[in-house]
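Comments concern the structure below.
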Amino acid sequence: MQTRSVKLDFKAEILQGIPKKLPQKKERSHSMSHAPTRKQILSSEEKKLAVRNALRYFPKTWHAELSKEFAQELKDYGRIYMYRFKPTYKIYARPIDAYPAKTPQAASIMLMIQNNLDPAVAQHPEELITYGGNGAVFQNWAQYLLTMHYLATMTEEQTLHIYSGHPMGLFPSSKEAPRVVVTNGMMIPNYSKPDDWEKYNALGVTQYGQMTAGSYMYIGPQGIVHGTAITVMNAFRKVLQKDGKPAGKLFLTAGLGGMSGAQPKAGNIAGCITVCAEVNPEAARKRFEQGWVDELIDDLNELVVRTQKAIADNEVVSLAFIGNIVDVWERFDTEKIFIHLGSDQTSLHNPWAGGYYPVGLSFEESNVLMASEPETFKKKVQESLRRQVNAINKHTAQGTYFFDYGNAFLLEASRAGADVMAENNIDFRYPSYVQDILGPMCFDYGFGPFRWVCTSGKPEDLQKTDAIALKVLEQIKTTAPSEIQQQMQDNITWIREADENKLVVGSQARILYADAEGRTKIAEAFNKAIHSGDISAPVVLGRDHHDVSGTDSPFRETSNIKDGSKFTADMAIHNVIGDSFRGATWVSIHNGGGVGWGEVINGGFGMVLDGSKEASKRLKNMLFYDVNNGISRRSWARNEEALFAIKREMERTPELKVTLPNLVEDSILKDLF
């Protein structure tokens, strides 16, 4: 017989962890977007193991009832989410003082976890998925409940170790140690293929944490809008004549989900026309309602007319097309609509389970087919990719600049047999945006997506941090070398306009591309403002894993590493270990974030600034290493910009001694083989 516990307040419900009494069964919300049904990949015995694994979170007296319920979830959805145990309170980033905790570090992590699961932020909140179709914070609600309980009760001399969403437990450590260590999807190499994720995630023993979902550092589309704006601005600088303006010029792309949803806003900031296709009507409407896209259009004929008008009138506008991107590429070719920039940001790291929807099938038909006939669905996806590439090639022959946006588009298109290979049949015919833009312009110089969250939840605190960051950057720019003047000015413009661009979704957060000098000086200024009371509560520092140093990703972040080492992952592993003993509040290391399971290793951190002298020491030590680890690796790969950056840093920091490469003249190697 089911019984329901007496309703608890927020703090009490957090503190109890797994409920003392079995809650009533809950139905899935009809108002939220849900993860696609995963394919049935487990044998009968493995399904029993999955249920057995899930039941170990609960007392034996509940097993008979819960076993049937969990088996039905596994049958219906391909996963066990434990919907019954979703908390009764609303999940969002509360002010830090609202959390029951013994340390501000633990309370800050609780805030960040809840922000990642806020329905206004998360893609599939009831399945604990933040973005990318499968980027999970936890595998199930029991893991969430236990983790929040542990964080609420931990001291400053304990560390919580989390294995792919599962809180293994609190272990004695020290005040200097991280409060939380997170791993996601860390597999033995021979078990890191897409079907391995399907199997072991269904068993409840691993998960895909994406980049910032499983490390609690996702801050909504703002988290990528700055990098996207920089990318689009500099892509236009490549294709337009000097001093040419992007107004009235067309940027065509796809995706309005968790990360890709930033594209229309970034296009507006860059000052162009953005046309972004999205097959999921709910996702498109969500971005429209949040103000991230200007207009919604669901008729292709109407889209053609509206785009032609925008071009004729030199508009700056973002248009979301509810439909398939392949239809747009093909129709714009027929109508002779010139596309200046083209890309794609569908979740092709996850092509067979909702990351990419094939042309010719509706959104609903695709969701059914991917679960009921996965092989047929796979063929449809690959046919669609070949059609899309054929249309793209027609446009690029007319002068369109197309770039891979790090979503594994070219990789999966090549696997589908699409015409994307260069003449040497080794490289892709189109560059990734890291190879052409972000790598040489940003990452090699140490610029990357630094971010922070004001734990007070007060917009005025965020505005104060914006003003502090602006002042710091303007001061640095006065003595910055010519090589980074453009980067400095782009970031000054960004932070000056950030508040009026209405970028906040969820927590009071900000992102800003900055190098080690900028990050350290901004963070130190924040810490002083917290100490003086000018900022009313701690500030959480972090970054996207899509950065200088944290990610080894041969088709994205490290695609411009050309010494043969781009398939190694030493940098990311050293990054997370190095950050952990230099002062990070929490650290994470993931398999698969961004471009797909088995294709990348990436690490991240969080650091809580509380105004103390200890925080000042930690931030200087850790932020310096977090950036310069990556610049060192890039300079050893003979990247010209990174060589400049690391030599400059060694001149400023005598304690830093980095091994530099001796460059070899091509003529020496000419006749060797």
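The values are calculated or read from the model by the stated rules, or taken from the named source; none is laboratory data. Predicted model, so just to flag it, every value in this text is computed and none were measured. Positions of Cβ are generated from backbone atoms using ideal geometry, with glycine treated the same way; all protein chains shown enter the neighbour counts. Heavy atoms of the whole protein, side chains included, go into the accessibility calculation; ligands, DNA and RNA do not. Shrake-Rupley method; radii C 1.70, N 1.55, O 1.52, S 1.80 Å.
I'd like the Kirkwood hydrodynamic radius of region 132-283, using the inverse of the mean 1/r over distinct C-alpha pairs, in Å.
Over region 132-283, the inverse of the mean reciprocal pair distance is 18.4 Å.
With the cut-off at 1.5 for a/c, could you classify region 301-409 from its C-alpha gyration tensor as rounded, prolate or oblate? If you can, show how the numbers build up before the last one.
Values: a/c = 2.19, a/b = 1.79, b/c = 1.22.
Since a/c reaches 1.5 and a/b is larger than b/c, the shape of region 301-409 is classed as prolate.
Among (i) 28.9, 115; (ii) 26.9, 83; (iii) 24.3, 82, which one is Rg and Dmax of the Cα atoms in Å computed from these coordinates?
(iii)
Which value, in Å², gives the accessible area per residue of region 126-219 when a 1.4 Å probe is used on the protein heavy atoms? Don't skip to the answer; put the middle values down first.
Working: 2910 Å² over 94 residues.
Normalised by residue count, the accessible surface of region 126-219 is 31 Å².
For region 22-78, which GluC sites (Glu not before Pro) pass both filters: DSSP loop (anything but H, G, I, E, B) and at most 12 other C-beta atoms within 10 Å?
Of the GluC sites (Glu not before Pro), the ones in loops of region 22-78 whose Cβ has at most 12 other Cβ atoms within 10 Å are E27.
Is there a pair in K193/K378; K528/K613; K199/K378; K75/K199; K245/K502 whose C-alpha atoms are over 19 Å apart, and which pairs would that be?
Too far apart for the 19 Å limit: K245/K502.
No solvent, one uniform scatterer per C-alpha: report log10 I(q)/I(0) for region 46-146 via the Debye equation at q = 0.11, 0.19, 0.21 1/Å, two decimals.
The calculated log intensity ratios at q = 0.11, 0.19, 0.21 Å⁻¹ are -0.38, -0.96, -1.08.
Mind checking the per residue accessible area of region 395-492 for me, 1.4 Å probe, whole number of Å²? If you can, show how the numbers build up before the last one.
Numbers: 3640 Å² over 98 residues.
For region 395-492, the per-residue accessible area is 37 Å².
Under 26 Å Cα-Cα from K20, which lysines qualify once same-chain neighbours fewer than 8 residues away are excluded?
Reachable lysines: K7, K11, K48, K60, K68, K86, K90, K102.
Report, in whole Å, the centroid distance computed from the Cα atoms of region 632-673 and region 478-512.
Region 632-673 and region 478-512 have Cα centres spaced 29 Å from each other.
Along the Cα→Cβ direction, 7 angstrom out, place labels at E373 and K309. What is the inter-label distance in nm?
Inter-label distance under the simple model: 4.1 nm.
Can you send over the carbon and sulfur percentage of the accessible area for region 235-311, probe radius 1.4 Å, protein chains only?
Roughly 48 percent, rounded to a whole number.
Tell me, what % of the accessible area of region 561-663 is carbon and sulfur with a 1.4 angstrom probe?
Answer for region 561-663: carbon and sulfur cover 53 percent of the accessible area.
Rounded to the nearest 0.05, what FRET efficiency do L296 and E423 give with R0 = 51 Å and r taken as the Cβ-Cβ distance? Could you check?
E between L296 and E423, to the nearest 0.05, is 0.80.
Straight-line reach from K647: which lysines have Cα under 21 Å away, leaving out those fewer than 8 places along the same chain?
Once the sequence-local lysines are set aside, what remains near K647 is K477, K521, K562, K620, K657.
Place a point 7 Å from the Cα of V504 along the Cα-to-Cβ direction; which residues of region 86-107 have their backbone N under 16 Å from it?
Residues 92-97 fall inside that zone.
If the viscosity is 1.306 mPa s and the temperature 10 °C, what translational diffusion coefficient in µm²/s does Stokes-Einstein give for region 130-183 when Rh comes from Kirkwood over Cα pairs?
Diffusion coefficient, whole number: 136 µm²/s.
Count neighbours as other Cβ atoms within 10 Å of each site's Cβ, and list the GluC sites (Glu not before Pro) in region 613-672 that are DSSP loop with at most 14 such neighbours.
Answer by residue number: E655, E665.
If you wrap a convex hull around the Cα atoms of region 475-620, how much volume per residue is inside, in Å³? Before the final figure, lay out the partial values.
Working: hull volume 21.1 nm³, N = 146.
Enclosed volume per residue, from the Cα hull, is 144 Å³.
With every protein chain kept in place and ligands, DNA and RNA left out, what is the accessible area per residue of region 286-340? Probe 1.4 Å, answer in Å².
Heavy-atom SASA per residue in region 286-340 reads 46 Å².
Within region 65-171, list the trypsin sites (Lys or Arg not before Pro) lying in a DSSP loop whose Cβ has at most 10 other Cβ atoms in a 10 Å radius.
Of the trypsin sites (Lys or Arg not before Pro), the ones in loops of region 65-171 whose Cβ has at most 10 other Cβ atoms within 10 Å are K90.
Report, to the nearest whole %, how much of the accessible area of region 335-420 belongs to carbon and sulfur atoms, 1.4 Å probe, protein only.
47
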